[in-house]
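Beneath this line is the structure, given in structure tokens, with notes to follow.
Each value in this text was obtained by applying a stated rule to the coordinates, not by laboratory testing. Keep in mind that what you see is a predicted model, and the values were worked out from it rather than measured. Cβ placement follows ideal geometry from the backbone for every residue including glycine, while neighbour counts extend to all protein chains displayed.
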Amino acid sequence: ENIKYANLYTAKDDKLGWMTNSVTRPIMMDQLIEAVESKTVKINSKETLREIAMLVNENGKIGAPTGQHDDCAIAAAIGTQIILEHAEKVKIYQNINNAIRM
């Protein structure tokens, strides 16, 4: 049920939320790791960085080791996917001088 939160992610098929499955999860986890290592994405949360640093590949599934958590890493991976999906539409530095108001 949509309880009218602002800014809910809507997929191209109008479904709410990011679809995480056996196809999308390895892609998003690989791209998160690449983005963090290349410093394309800056993560300020120590907990999220800790979770990302301890990710393991167990039979093709990248996630937390047994007994650990990866919720923050998964959230960061989903956020990174959404940024990548919309990167061409968002022109962060285009006309930045016009956007700065002093």
(message) Please compute the modelled spin-label separation between residue 59 and residue 15, points set 7 Å along Cα→Cβ, answer in nm with one decimal.
(response) 2.5 nm
(request) Starting from segment 1-67, pick out the GluC sites (Glu not before Pro) whose DSSP state is loop and whose Cβ has at most 15 other Cβ atoms within 10 Å. (result) 1
(message) Please give me, ordered by residue number, the chymotrypsin sites (Phe, Trp or Tyr not before Pro) of segment 1-59 that lie in loop per DSSP and have at most 14 other Cβ atoms within 10 Å.
(response) 5, 9
(message) How much of the pair distance distribution for segment 1-43 lies past 13 Å, counting alpha-carbon pairs only, in percent?
(response) 67 percent
